[in-house]
Every structure is written in C-alpha cells, then in structure tokens.
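The values are calculated or read from the model by the stated rules, or taken from the named source; none is laboratory data. This one's a predicted model, so the numbers in the text were calculated from it and none came from an experiment. Cβ atoms come from the backbone with ideal geometry, glycine included; neighbour counts cover every protein chain shown.
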Amino acid sequence: DLDAIRSNVATLKRSAGDAAVMAVVKADGYGHGMVQSATAALDAGAGWLGVAMADEALELRRSGITAPVLAWLLGPGDDWVSVVASGVDVGVYATWALRDAAAAAQGAGRPARVHLKVDSGLGRGGAQPADWPELVAAAAKAQADGTVEVVGIWSHLAYADQPGNPTIEAQRIAFEDALEVATQAGVEPSVRHLANSAATLRLPQCHYDLVRPGVAVYGLS
C-alpha cells in the first residue's frame, strides 16, 4: 500500500524534527518492492534512501532515482567502481574498505563518498573503539588526497525499542566520543546518524542530522 508508506514517512518526518529522513529500502523494500517503496518515500519527504548491497543501490540508480543513497554492506569483490561512479555513498568500517573506496574513486574519476561507521555497542558492523582512531586518521589522509569525501559518521542502536534501556545512553555517549575523535583528526562530516525506526519516534536525543527508519516505513510495529 504505497499510500500507507507515504503516510508513514510523513509521520516519521514530523517525528524527526530538523533531521533529514533516510528511508531504508533494503531487501526489496522489506519485500514490498524496492523501487516503488523508494519512490513513495521520496514523494512523502524522505531525503535519502538506504540499502545494504551494491546491486540494490545500482538498481535504484538504473530506475532513475537521483536522491542520495547509502549502501552499507559492500565487501571485497563488489563493484565499488560502479557504485562510486553512480554517486552512491558507501559505508566504511575498516581501513581495507577505505582503501577499496579510494581505489574505486580512481577508476570512477570522482571522490568516493563515504560514511564511517563506529560500533557504539551493538556488535554488528562498525569499527571497534580501539580501531576507530586509525580509521579516522586514514580517512582524513584520503580526504586530503582527494580520493574520498567523508560525508557521514554513523552507528546503530541495539535497544531503541526499549525506552529507558541503559544501553541507549551508553551508545549515545560512545557515539559522541567517536565524533570527538573525528573532530580532533580534522574530519567533519555533513551528516551524523544513529537513530533507527524506534529512535526516530521516541528518542529525539539520538536524531542528530539524519534518521534511518526501516520497518516503520512499512507499518511494522
């Protein structure tokens, strides 16, 4: 029901306040049809789209969608060059991924737009805090070299659907600490993002510049 998706995104946009909305349309729009869901979300005011895989991002571009897209699960052997050439942002969690992004930029003839992910406590993707300074320093150097542009810094919450869970504030503080490390290294992203669906609706302290609702776009509780 594309009208329901539009209505849900409009509600999420109101909840997000001043933060932009990234509608997550991975896994074929959670089974609802990726391109149709993406178009409906953009119609309702979403400013970004989020996907997991390279082929999902490229399908959005082939469909004529020009809005900002973040693909966060590119791995070794993926077509980084095509993704970077199409202007899709890529998630980077480790120095090997930063190197792949920089190499893709050379092939694409444009800087790779990267979002550095820190693991603030979920334990599912992201640089560990001990490895974060090295990644940020490498990103700062690559940005100075002109091969990457650090567009975002982000993380993901474990228990945002349980307001009051102590992990929420612990993760927010860990995220703030990671942002400070980046600032000290001279990395100033244009978007900082932490909030998933539940945090978009219930945790304004986690909104930052961009929120990433997924299941809520489709009406799941």
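Return yes when residue 37 is farther than 16 Å from residue 69 by Cβ and small (Gly, Ala, Ser) and no when it is not.
no
Go through the stretch 56-110 residue by residue and tally those that are of a type outside the set (A, V, I, L, M), assigned to a helix (DSSP H, G or I) and farther than 20 Å from residue 42 by Cβ.
8
Being at pLDDT 95 or above, more than 29 Å from residue 173 (Cβ to Cβ) and aliphatic (A, V, I, L, M) narrows it down to one of 94, 103, so name that one.
So the residue among 94, 103 that is at pLDDT 95 or above, more than 29 Å from residue 173 (Cβ to Cβ) and aliphatic (A, V, I, L, M) is 103.
Here are some conditions: (1) touching a Leu at 6+ places or on another chain (Cβ under 8 Å); (2) closer than 23 Å to residue 49 by Cβ. Residue 163 meets all but one. Which one does it not meet?
Tallying (1) touching a Leu at 6+ places or on another chain (Cβ under 8 Å); (2) closer than 23 Å to residue 49 by Cβ, residue 163 fails exactly one: (2).
Taking the conditions exactly as written (crowded, with 18+ Cβ neighbours inside 10 Å, in contact with a Leu (Cβ under 8 Å, 6 or more places away or on another chain) and β-branched (Val, Ile, Thr)), does residue 9 satisfy them or not?
Spelling it out, it is not the case that residue 9 is crowded, with 18+ Cβ neighbours inside 10 Å, in contact with a Leu (Cβ under 8 Å, 6 or more places away or on another chain) and β-branched (Val, Ile, Thr).
For the subset of the stretch 162-187 comprising residues that are among the acidic types (Asp, Glu) and either without any contact (Cβ under 8 Å) to a residue 12 or more places away in the chain or in contact with a Cys (Cβ under 9 Å, 6 or more places away or on another chain) (or both), which member is surrounded by the fewest Cβ atoms within 10 Å (Cβ to Cβ)? First the steps, then the outcome.
Let us first name the residues in the stretch 162-187 that are among the acidic types (Asp, Glu), namely 169, 176-177, 180.
Pick out the ones that are also either without any contact (Cβ under 8 Å) to a residue 12 or more places away in the chain or in contact with a Cys (Cβ under 9 Å, 6 or more places away or on another chain) (or both) and you get 169, 176, 180.
Working: 169: 13, 176: 14, 180: 10.
Per the criteria, the residue is 180.
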